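Down below is the structure, laid out as structure tokens.
Please treat every number below as a calculation from the coordinates, not as lab data. From a predicted model like this one, the values you see are computed outputs, not experimental measurements. All Cβ positions, even for glycine, are placed from backbone atoms using ideal geometry, and neighbour counts span all protein chains on display.
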Amino acid sequence: MYLSFVWPGKIKDPALRVMEESYLKRIRSMSEVRVAVTQEARGLREKKNHGKILEIEAAGLEKRLKDDYIICLVDKGKQMTSAEFADFLSRRELETSKPTTFVVGEFLGLADRILAAADVKLSLSRMTFSHELSRVMLLEQIYRALTMLKGKKYAK
């Protein structure tokens, strides 16, 4: 299985950055992985600039999204249990050789054109989490799914 992650900017919180690297290392032991960190819009946090922020980030994301199977994390996306998610990844591996690419936006989410390119819109929960924490949670769920698929033990 070939997994790809594309997101604007690096995680700034040191504790979350350590967790991100830990889960990526674990995932890499079971799957080929590519992480592409694209340009984030800096210094434009005011509300009047939200459209410009989304545009800058979308332009960077689009350069990395080729003919991949794209899964965008969004708050109103499809929700799955961990077992359903593992089954979903297993089916993806059987259906196509295209890389499965997960896209997580910054604090404003993703531009409409990025969402329109998504094959699946996925939600981790009905609750709202920071984009940095969402990245770590996504990686943890992917690691959990891969361990389930490989028949390895992982804490419940």
The chain: calculated mean residue ellipticity at 222 nm from DSSP helix runs of at least 4, using -39500 (n - 2.57): -14000 deg cm²/dmol
Using θ = phi - 60° and the Karplus curve 6.51 cos²θ - 1.76 cosθ + 1.60, what whole-Hz ³J(HN,Hα) does each residue of segment 15-24 get, with Gly and Pro shown as x? 5, 5, 5, 5, 5, 4, 5, 4, 5, 4
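Would you tally the net charge around Ser134, using a Cβ to Cβ cut-off of less than 12 Å, leaving Ser134 out, and scoring K and R as +1, D and E as -1? It would help to have the intermediate numbers written out before the result.
On the way: positive: Arg135; negative: Glu20, Asp75, Glu106, Glu132, Glu140.
Value of the local net charge: -4.
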Take the alpha carbon gyration tensor of segment 1-79, find the square roots of its eigenvalues, order them as a ≥ b ≥ c, and report rounded if a/c is under 1.5; if not, report prolate when a/b exceeds b/c, else oblate. prolate
Neighbour cut-off at most 10 other Cβ (10 Å), DSSP loop, GluC sites (Glu not before Pro), segment 46-112: Glu46
When the Cα centres of segment 132-156 and segment 87-121 are compared, how far apart do they sit, in Å? 17
What are the trypsin sites (Lys or Arg not before Pro) within segment 119-148 that DSSP puts in a loop, where the Cβ has at most 13 other Cβ atoms within 10 Å? Arg126
Search the structure for amide H atoms under 5 Å from the amide H of Gly77, placed 1.01 Å from N in the peptide plane, and list their residues when 5 or more places away or on another chain. Ser123
Around Met30, under 9 Å between beta carbons, what's the net of Lys plus Arg minus Asp minus Glu among the other residues? +4
Treating only the Cβ of Lys, Arg, Asp and Glu as charged (+1, +1, -1, -1), what charge dipole size does the chain show about its Cα centre? Round to the nearest 20 debye. 340
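Give me the percent relative contact order of the chain, please, defined on Cα pairs under 8 angstrom at least 6 residues apart.
It comes to 33 percent, rounded to a whole number.
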For the chain, longest principal axis from Cα atoms; helix 50-64 axis from its Cα atoms; angle between them, nearest 10 degrees, is 40
Cα-based equivalent ellipsoid, the chain: semi-axes from gyration tensor eigenvalues, Å: 26, 17, 14
³J(HN,Hα), Karplus 6.51/-1.76/1.60, whole Hz, each residue of segment 98-112, x for Gly, Pro: 5, x, 8, 10, 9, 10, 10, x, 7, 5, 8, x, 10, 5, 4
Could you line up Val33, Val18, Val6 from fewest to most neighbouring Cβ atoms inside 10 Å? Val18, Val33, Val6
